[in-house]
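A.B. asks: There's a structure below that I have some questions on.
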Amino acid sequence: MLKENSKILYVAGIGPGKQEGMTKETLEALSKSDVIAGYPVYLSLLPEELRDKERIETGMTREVERCRLALEAADSGKTVSLVCSGDAGIYGMAGPVLSLAKDFPEVEVRILPGVTAASAGAAVLGAPLMHDFAVISMSDRLTPFPLIGKRLRLAAEADLVIVLYNPESKGRAGYLKKACDILLEILPPDRAAGYVRQIGREGQQAWTGTLGELREETADMFTTVFIGNSTTHISGGRMITERGYDI
Ligand code: SAH
């Protein structure tokens, strides 16, 4: 019989915020873990009963260090969960952990998916993702801005619904406006748009309007932005993209 591996690192998506939005699989992995690693804000969102576990906390820009520390803890024989907001494999830690894992051949890495901000935010706004869509991160910390701009233009050309992650931050003020200006080269100013701030967390806030109006809004690192395709409309305050049904 195969011996159950004792060196396990879960890379777990915890969903957008509230505990009800976390999968049962992630909750079980967290309660089985000896150590929980993650960005402090995410650790503060975890259920009460998990808060006294051993912790590995590092700041936002020390992701690789956090991944390595989590792998080292797992390699020492502890069961470890590295938590990510939303889905672990969407701008999450799944990639760097798997790349670093070659140095830790005895550690089994298990990736646990979670509800990503695009689907959680879409549910708040209505049904904006009923057809093909592109998710684009506005962060140029690791991606050159010209490539981000190219992706925005081509997604607009292709009539995709567009979801923006990391729309702006203190260090990247004005990036939402920059994104809108690029999109407005191709899309009309009356194109339906929306955003949700703090999805599933205290202070959740939703907004709908047009792309032209979105240009005058500001966002932060806890905002997910939606720009509709040519069929998207706002009806009764809900954002709806047509699939083509005869209704
Ligand atoms: N792994 C995450 C994404 C990490 S990138 C996921 O799958 O959702 C971080 C960006 O995700 C934020 O800047 C924001 O655009 C979006 N985001 C994550 N959680 C959010 C929340 N609770 N409310 C609004 N946006 C969120």
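Yes/no per residue for (1) on the phi < 0 side of the Ramachandran plot; (2) of a type in the set (V, I, T); (3) within 14 Å of the ligand (Cβ to nearest atom); (4) in contact (Cβ under 8 Å) with a residue 12 or more places away in the chain:
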residue	(1), (2), (3), (4)
V163	yes, yes, yes, yes
G174	no, no, no, no
I182	yes, yes, no, yes
A193	yes, no, no, yes
E202	yes, no, yes, no
Q205	yes, no, yes, no
T223	yes, yes, yes, yes
I227	yes, yes, yes, yes
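A.B. asks: Could you grab the pairs with beta carbons closer than 9 Å, sequence gap of 6+ or different chains, first residue in region 10-26 and free of Cβ contacts under 8 Å to residues at least 60 places away in the same chain and at negative phi, second one of a type outside the set (F, W, Y) and open to solvent by less than 10 Å² (accessible area, probe 1.4 Å)?
C.D. replies: Q19/L46; Q19/P47
A.B. asks: Looking only at region 7-54, count how many residues are of a type outside the set (A, V, I, L, M, F, W, C) and more than 19 Å from Y91 (Cβ to Cβ). First the steps, then the outcome.
C.D. replies: The initial filter retains those residues of region 7-54 that are of a type outside the set (A, V, I, L, M, F, W, C), namely 7, 10, 13, 15-21, 23-26, 28, 31-34, 38-40, 42, 44, 47-49, 51-54.
In the following step, the residues that additionally are more than 19 Å from Y91 (Cβ to Cβ) were identified as 7, 18-20, 24-25, 28, 31-34, 44, 47-49, 51-54.
Result for region 7-54: 19.
Residues checked against (1) more than 22 Å from Y195 (Cβ to Cβ); (2) in contact with a Leu (Cβ under 8 Å, 6 or more places away or on another chain); (3) hydroxyl-bearing (S, T, Y):
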| residue | (1), (2), (3) |
| --- | --- |
| E106 | yes, no, no |
| G114 | no, no, no |
| F133 | no, yes, no |
| L142 | yes, no, no |
| P146 | yes, no, no |
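A.B. asks: Can you find a residue that is closer than 16 Å to A122 by Cα and under 21 Å from the mean Cα position of the chain (by Cα) anywhere in region 169-185?
C.D. replies: The first filter runs over region 169-185 and keeps only residues closer than 16 Å to A122 by Cα, leaving none.
So far as region 169-185 goes, no, none of its residues is closer than 16 Å to A122 by Cα and under 21 Å from the mean Cα position of the chain (by Cα).
A.B. asks: Can you confirm whether region 47-59 contains a residue that is buried (at least 21 other Cβ atoms within 10 Å of the Cβ) and either at pLDDT 95 or above or of a type outside the set (D, E) (or both)?
C.D. replies: No - not one qualifying residue is present in region 47-59.
A.B. asks: Within region 80-106, how many residues are surrounded by fewer than 24 Cβ atoms within 10 Å (Cβ to Cβ) and more than 13 Å from the ligand (Cβ to nearest atom)?
C.D. replies: The number of residues fulfilling the criteria is 9.
The values are calculated or read from the model by the stated rules, or taken from the named source; none is laboratory data. Given the structure is predicted, the values throughout are model-derived calculations rather than measurements. Please note: Cβ atoms are built from the backbone with ideal geometry, for glycine as well, and neighbour counts cover all protein chains shown. Surface areas here come from the heavy atoms of the whole protein model, side chains and all, with no ligands, DNA or RNA. Shrake-Rupley method; radii C 1.70, N 1.55, O 1.52, S 1.80 Å.
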